[in-house]
Each structure stands twice: as C-alpha cells, then as structure tokens.
1. To the nearest 20 Debye, how big is the dipole of the chain about its Cα centre, given +1 on the beta carbon of each Lys and Arg and -1 on that of each Asp and Glu?
2. Find the relative contact order for the chain and round it to a whole percent, using C-alpha pairs within less than 8 Å whose residues are 6+ positions apart.
3. Going through the range 1-39, which GluC sites (Glu not before Pro) have at most 11 other Cβ atoms within 10 Å and a DSSP loop state?
4. Just flag the trypsin sites (Lys or Arg not before Pro) in the range 1-55 sitting in loop per DSSP whose Cβ has no more than 14 other Cβ atoms within 10 Å.
5. Residue farthest toward the positive end of the dipole of the chain, with Cβ of Lys/Arg at +1 and Asp/Glu at -1: which of 5, 61, 29?
6. Work out the FRET efficiency for residue 11 and residue 54 from their Cβ-Cβ distance, taking R0 = 25 Å, and round it to the nearest 0.05.
7. Can you give me the three principal axis dimensions of the range 30-78 from its C-alpha atoms, in Å, biggest first?
8. Over the range 14-57, what is the mean sequence separation of C-alpha contacts under 8 Å (at least six apart), divided by residue count, expressed as relative contact order in percent?
Amino acid sequence: MSDRLSYEEKKELPDSVYGLPERREYPMPDAAHVRAAEAYFRYCPEELRPRLARAILSKAQQFGVDVESPTVIGYANK
C-alpha cells in the first residue's frame, strides 16, 4: 500500500480503520497512515480532536508507532 490511498481504496476500507469513522476521515490502515494522521491532526475540527487523538494513540499502539506530538497526546487526555 502506498502513502496515498486512492478514492477506490478508501471506499473499500472498513469504518474501523478511520480516526473519525462517521466522517470517514483520517484513515489509518497501517503505520504510515498513523504517522500521516498525526501530521494532519491540526486540520481536525476542534470539537473532534480529543476523539481523533485517542484513535491515533490506539492505532499507533496497534502498529508499533511512537506518537511524538505533545498536542495529540494532550488532546487524548481530555
């Protein structure tokens, strides 16, 4: 799987791999996409950040990724 997912690839992903499944945003099917979600976290709407942060940390643990962003870690604890 490349760094970028095509529209067709995104359509085939289950909701469970998304950081925001109801919006189907921030797909994290692998470690590279967990890092991408962390990098693009600042674009997430404020009211959804705590939930996305917790999803990023959960997927990071699943794929063995170290989350380095203090912002993501801080929102996960809200």
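None of the figures in this text is laboratory data; all of them are computed from the coordinates on show. For clarity, every value in this text was computed on a predicted model and none was experimentally measured. Cβ placement follows ideal geometry from the backbone for every residue including glycine, while neighbour counts extend to all protein chains displayed.
1. Rounded to the nearest 20 debye, it is 220 debye.
2. Rounded, it is 25 percent for the chain.
3. For GluC sites (Glu not before Pro) across the range 1-39 that sit outside H, G, I, E and B with at most 11 neighbouring Cβ atoms in 10 Å, the list reads 22.
4. 4, 23, 24
5. 61
6. In this case the efficiency is close to 0.50.
7. 26, 19, 15
8. Relative contact order for the range 14-57 comes out at 32 percent.
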